[in-house]
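What follows is calculated from the coordinates using simple rules that are stated; it is not laboratory data. This structure is a prediction, so every number in the text was calculated from the model and none was measured. Positions of Cβ are backbone-derived with ideal geometry, glycine not excepted, and every protein chain shown enters the neighbour counts.
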């Protein structure tokens, strides 16, 4: 319905830009007034606030492009990213100056650098490779990152002895760069699949499976009687509550587990309908699958809202110790990013469903995208190698062993092997196109597991990140 | 399978498919090693809690509870190395031939099949070749004259090494494997805790065995520095290496900065309370109230005279006391709730009095002591926990890592580029300079480079022509025209 309405009245493109511009100037004015009042002109929080405003403006403009298909929005969005990046750079510089070490020591600082890298890469991809709409994917991630930062502890935190090493900074910087390059190769491989005329239904099935993976992950925290266990949070300290060394205290939010179970079913539904469609070739099932996808988006949004409401208000009991404890979204960054990521992937599917023709016009050709995927991996792979090497060197200086098969190390090695496989298949076996793109997507899947899955599911020496 | 062909087996081992299958096996097994709880790290009780007895027996039997040290995992890694070696050895001769004897004076068929080729109309073949040579040189393509019986042409190339870099990468991986293998066989890791002044020549390994050191290690001092908010900033220990009674090396080590001696490395890994007292500082004053307050320093079982007739001995130190059933116990080794037992002996009274700080009812006789005591300061004896490791193979690993990084850089970013310039005739018999080029990767970048090269050669030729023509002839200047296509015959004859 929305589709026909939009197509009936061709948008002029100026309205949204003017509105976003007004909103940005209003918010900036408010921020300036606040700054003048607090008499602390160059505070990091204001810079971060500025970055948030601009990144959000870019996000809104990309969304506007998604809904209306007006290409000038994308250009203005790119300006907004530039402005946001400048504020972000200021925040990083401020942080670095104040802390006296590169900003990689805490989750807050890692997010700060990660969002910065993401914005830079977005602009690089736009400028150099002409992948104009990549911000549609990266900006929402950046916004979630900045919002999450507002919740986290921001004081400069002293480093524990094991983290006071240049090699650690080298290791983390390289990891950030390598993972960002992997993310870029993934996004470009996806765009290749769009340009390679992969049917929209297949994307529906993939989106649905992605959602299933997320909610399965969330449900590993399912507790008896339908609760969901989340880490407890100490609002005064702005940190998690620890029972012992590295042992977080988990509290159980009642009934949230049931809700997640329902959402899992809703998320899985489009995939089953897709399978039925494949069997019966009755197009009715396909439109049903698309409708099920809308329902699942609504339910996912509802789950996110409930999750946030329950996690922000109220105190919950724990199995491990007596008493009631508060919790916070900041205590469960992985759960939060999972939920947001699921919604976001579904929205991207909608963008594809409604605006595929526009997207195809804006993206470079399939061959070009295929080559860019390879070249981003050719950047990522040496970075991954150096990252592992720097980590091993640091471990050797700190723990007395360069390789101890801890889960994070092992999964970093697996990531490396998968990308090595991609390169061999491409160079010696001449894999191009679809197969290479699937491989690139698999590689990023492993990266995500190394980054989130290992931290979330598998304990080990890497307690810091 | 009737006969055994060693050659065919060798081919199979080196095949890409074998390599990929082996890599997939390594990936699956390492993933299993992170998903299943592993033995040395996880306590046995926790294993029993996580898995049922049957499952645990099965996992143990298959070696899945210690994947990374299981014989089959080591075998798998060795097979991967073997496959890597076989693949490299099988492919190397070809690459080496390509590298050592570059295809300079390529034949007509080869040149015609090049993806990037073009031709420029020229007037003077010799001058145009010279111009091309200058441009090649500027572009970093070392130009070489190729003189054949009746032809003369130009060949230029750069970064030929890029063809061999992949072997350097594979060799470095083998080097890393060898290094880890050496460490697995001859290396060891252990732990030793030392208190200041203590010296040892042996330590306990991870598996519980005792390892003798070829020298003694002594700890002189240990310490901790804190941030203003109380979180630890730095742990340090002053260590000395003692050989035949002589100090041969010493260093203050901190976390991230170990002491290395004779291939053995000592790392600062932990720091803590031994629960033992180093010194206690007490203020003693006479019970009568007369005389000054004396400050005395006591270690365990040390006796200090208070006056000519009275002395005090530190009999007991309880770091974290609790009283029960008429006994004093300690709950931990941390000085959380310390109690001190002093014995005051007085010759005048002819008896010993038990003094407890703080006064523990039922134990203390503080009121009958001729002196009153007050604790001023408590210095605990700290220990430093040292991880000790001997990894003789690590140098191979680091050398491999450096080689790997350099090799990958060359593999991905140095492009072997080859270009040819050959005087020829076009379809209408006019003299042309035929140009062709090929790159071993990044073809689309080379496309642009090649076009730029051609453009530069054109302008170089016209510059030369302009200067020479204005000096001698009055002919209209004809700028060189470019023709793309396959019409021309490469290899014109050289008119000398």
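Counting Cβ atoms of other protein chains within 10 Å of each residue's Cβ and taking the mean over peptide B:27-35 gives 5.
With Cα atoms defining each centre, the stretch B:240-316 and the stretch B:223-239 are spaced 18 Å apart in the structure. For a modelled paramagnetic label at residue A:357, 7 Å from Cα along Cα-to-Cβ, the residues of the stretch A:46-90 in reach, with backbone nitrogen under 20 Å, are A:64-74. With axes computed from alpha carbons, what is the tilt in degrees of helix B:125-138 against the longest principal axis of chain B, rounded to the nearest 10 within 0 to 90? Orientation of helix B:125-138: about 10 degrees from the principal axis. Label-to-label distance for residue A:202 and residue A:255 is 4.3 nm, based on points extended 7 Å past Cα in the beta-carbon direction. Distance between the pseudo-spin-label points of residue B:224 and residue B:52 (7 Å out from Cα toward the beta carbon): 4.5 nm. Using the Cβ-Cβ distance between residue B:399 and residue A:282 with R0 set to 56 Å, the FRET efficiency from 1/(1 + (r/R0)^6) comes to roughly 0.30. Taken residue by residue and averaged, Cβ atoms of other chains lying within 10 Å of the Cβ of A:412-421 number 3. With helices as the sole contributors, the protein assembly as shown gives -18000 deg cm²/dmol at 222 nm; each DSSP H run of n ≥ 4 counts as -39500 (n - 2.57), and the sum is divided by every residue. Could you compute the FRET efficiency for residue B:207 and residue B:246, with r as their C-beta to C-beta distance and R0 at 41 Å, rounded to 0.05? In this case the efficiency is close to 0.80. Shape of the stretch B:275-373 from its Cα gyration tensor (a ≥ b ≥ c, root eigenvalues): rounded if a/c is under 1.5, otherwise prolate when a/b > b/c, or oblate? Prolate, since a/c reaches 1.5 and a/b exceeds b/c. Residue by residue along B:265-271, Cβ atoms of other protein chains within 10 Å of the local Cβ number 3 on average. In units of the compact-protein estimate 2.2 N^0.38 Å, the stretch B:199-344 shows a Cα radius of gyration of 1.42. Sequence-distant contacts, meaning Cα pairs under 8 Å at least 6 residues apart, place the relative contact order of chain A at 17 percent. With a cut-off of 17 Å, note down the residues of the stretch A:190-213 whose backbone N falls inside the zone around a label point 7 Å from the Cα of residue A:438 toward its beta carbon. The answer is A:190-207, A:209-210. Calculate, in nm to one decimal, what residue B:285 and residue B:444 gain on full extension: separation in residues at 0.36 nm each, minus their alpha carbon distance. Value of the extension gain: 48.1 nm. Taking the longest Cα principal axis of chain B as reference, the axis of helix B:443-471 is set at about 50 degrees. Between the stretch A:260-283 and the stretch B:374-442, the C-alpha centres lie 48 angstrom from each other. Please label the shape of the stretch B:178-249 as rounded, prolate or oblate, based on the square roots a ≥ b ≥ c of the eigenvalues of the alpha-carbon gyration tensor (a/c under 1.5 means rounded; beyond that, a/b larger than b/c means prolate, else oblate). In terms of gyration-tensor shape, oblate. In this simple spin-label model, placing a label point 7 Å from the Cα along the Cα-to-Cβ direction at both residue A:93 and residue B:377 gives a separation of 4.7 nm. Placing a label point 7 Å from the Cα of residue A:120 along the Cα-to-Cβ direction, the residues of the stretch A:77-92 with a backbone N closer than 18 Å are A:81-92.
Angle check, please: helix B:71-100 long axis (alpha carbons) against the longest principal axis of chain B (alpha carbons), in degrees 0 to 90, nearest 10. Compared with the principal axis, the helix lies near 30 degrees. If the chain linking residue B:308 and residue B:334 were pulled fully straight, counting 0.36 nm for each residue of separation and taking away their Cα-Cα distance, it would gain 5.7 nm.
Each Cα pair under 8 Å and six or more residues apart adds its separation to the average, and for the stretch B:6-99 the resulting relative contact order is 45 percent.
Here residue B:137 and residue A:43 are evaluated by their C-beta separation; at R0 = 35 Å the FRET efficiency comes out at 0.05.
Label chain A by shape, choosing from rounded, prolate and oblate, from the square roots a ≥ b ≥ c of the eigenvalues of the Cα gyration tensor; if a/c is under 1.5 it is rounded, and otherwise prolate applies when a/b is larger than b/c, oblate when it is not. Rounded, since a/c falls under 1.5. The calculated pair-distance distribution of chain B uses every alpha carbon pair, bins of 10 angstrom beginning at 0, and gives 3, 12, 13, 13, 12, 10, 10, 9, 6, 5, 4, 2, 1, 0 percent. For the protein assembly as shown, the Kirkwood hydrodynamic radius from C-alpha pairs, put into Stokes-Einstein at 4 °C and a viscosity of 1.567 mPa s, yields a diffusion coefficient of 38 µm² per second.
Using alpha-carbon positions, what is the distance between the centroids of the stretch A:58-124 and the stretch A:423-455, in Å? Distance between centres, Cα-based: 26 Å.
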